[in-house]
Amino acid sequence: MKIITLPRVLISGTALALLTACGGTPTNPGTGPDPVPDPVPQYETLSSTADATSVLGGTLVRRTVATNVDRQLLTTTGELVHNTGKTTITFGNGYDVLIDPDGVDNNLITDGPYFEGNAEVRITKKVSEGYDYAYSYFLWQKVGDITYAGIGVGGIVTQAQHVPTAGQATYTGKARGSYQGADGYHGIGNATSGVDVDFGSGTVDVAITGFSTNASNPQLIDTIAVTGMNISGNAFTGGTISTTMNGAAVDITGPNTNTYIGGNFFGYDGANSRPDEVAGVAEAHGDNNRRVQVTYIAD
């Protein structure tokens, strides 16, 4: 038998002709088909009534009311069933759970009056209004014979796999809080929050500025800075709190100061491939109840 070897170009041309005749589309040899892009993550907003369930999370600074000193930085978890509003929030250790069957009503998430052994999450409207995924709140809670109070942030958290590991982002928003120095209590209102996130280095810095106080005493500080927080998954903790007036350092809390700092990323911004909102809580507490505390949200 005589074997005829056709030139390589003829074989390729023949294969191409056969493929075209059969209705196929030739591809670039050696490259394979074009890759299919990953779908953009979809998150329901807090106000959504879709037939869906979202994962809740957040950060809370909780204290014992009786002593006013036993503070804890806690992680909160939970879920929101959108079509019924049912909201479940677990505080830290998994034993303290709030279940509200129909969800937020008049800025309140509750399973009954806290003085009857329940919990109340009171959303701070002036800070939270206008945001799709995050809220800040005051907590009142009774567990057995212990009454707790606290400040925190929560909402529909960004899933850890959707938090970038490269790039930077700047978020701006609102903040609210208070400080108490040697001259007494100062409430902080109408503040601006600026949040700088470096996803590559895994750090978060926050500046709270532009606020006034409701005290009759002269204003002691005009900036609260929280710097050097470290990202882990969809949360960030650590760092330091500093207070200044016209750029000069002001010590509000004294030498024996403990800090409680944390926050989370919320929702997703598909256009920029990053979390849509960021929120956090920061508190510094020293002797004689001298303290600085603030919650903030930004997008």
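Couple of notes before you dig in:
- N83 fulfils the conditions (1) in contact (Cβ under 8 Å) with a residue 24 or more places away in the chain; (2) under 22 Å from A160 (Cβ atoms); (3) loosely packed, with under 15 Cβ neighbours inside 10 Å except for a single criterion, (2).
- Filter result for V81 (at pLDDT below 95 and among the aliphatic types (A, V, I, L, M)): no
- Residue satisfying condition, being at pLDDT 95 or above, outside any strand (DSSP E or B) and hydrophobic (A, V, I, L, M, F, W, C), within set A175, A166: A166
So that you can scan it fast, the table gives a plain yes or no per residue for (1) within 28 Å of A66 (Cβ to Cβ); (2) of a type in the set (K, R); (3) assigned to a helix (DSSP H, G or I); (4) more than 20 Å from the chain's Cα centre (by Cα):
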{"site": "I99", "(1), (2), (3), (4)": "yes, no, no, yes"}
{"site": "G112", "(1), (2), (3), (4)": "yes, no, no, yes"}
{"site": "R122", "(1), (2), (3), (4)": "yes, yes, no, no"}
{"site": "V127", "(1), (2), (3), (4)": "yes, no, yes, no"}
{"site": "L139", "(1), (2), (3), (4)": "yes, no, no, no"}
{"site": "K142", "(1), (2), (3), (4)": "yes, yes, no, yes"}
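- Identity of the residue in region 101-110, not in a loop (DSSP other than H, G, I, E, B) and not hydrophobic (A, V, I, L, M, F, W, C), that ends up farthest from E129 (Cα to Cα): T110
Each row is one residue, and each column tells you yes or no for (1) of a type in the set (D, E); (2) within 29 Å of Y43 (Cβ to Cβ); (3) touching a strand residue (DSSP E or B) at 6+ places or on another chain (Cβ under 8 Å); (4) surrounded by 18 or more Cβ atoms within 10 Å (Cβ to Cβ).
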position: A182; (1), (2), (3), (4): no, no, no, no
position: I188; (1), (2), (3), (4): no, no, yes, yes
position: V226; (1), (2), (3), (4): no, yes, yes, yes
position: A248; (1), (2), (3), (4): no, no, no, no
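- Cβ-Cβ under 9 Å pairs, at least 6 apart or on other chains, region 123-137 side farther than 16 Å from S47 by Cβ, far side among the charged types (D, E, K, R) and part of a strand (DSSP E or B): T124/R176; K126/K174; K126/R176; V127/K174; V127/R176; S136/K174; S136/R176; Y137/R122
- Selection from region 278-290 of residues that are among the charged types (D, E, K, R) and either under 19 Å from G238 (Cβ atoms) or surrounded by 24 or more Cβ atoms within 10 Å (Cβ to Cβ) (or both): E283
- When region 66-89 is filtered for residues that are assigned to a loop (DSSP other than H, G, I, E, B) and either closer than 22 Å to G280 by Cα or among the small types (G, A, S) (or both), the ones remaining, listed by number, are A66, N68, V69, D70, R71, G85.
- Members of region 144-163 found to be in a loop (DSSP other than H, G, I, E, B) and of a type in the set (S, T, N, Q), listed by number: T158, Q159
The values are calculated or read from the model by the stated rules, or taken from the named source; none is laboratory data. Since this is a predicted model, take the numbers as computed values, not measurements. All Cβ positions, glycine included, derive from the backbone under ideal geometry; neighbour counts span all protein chains shown.
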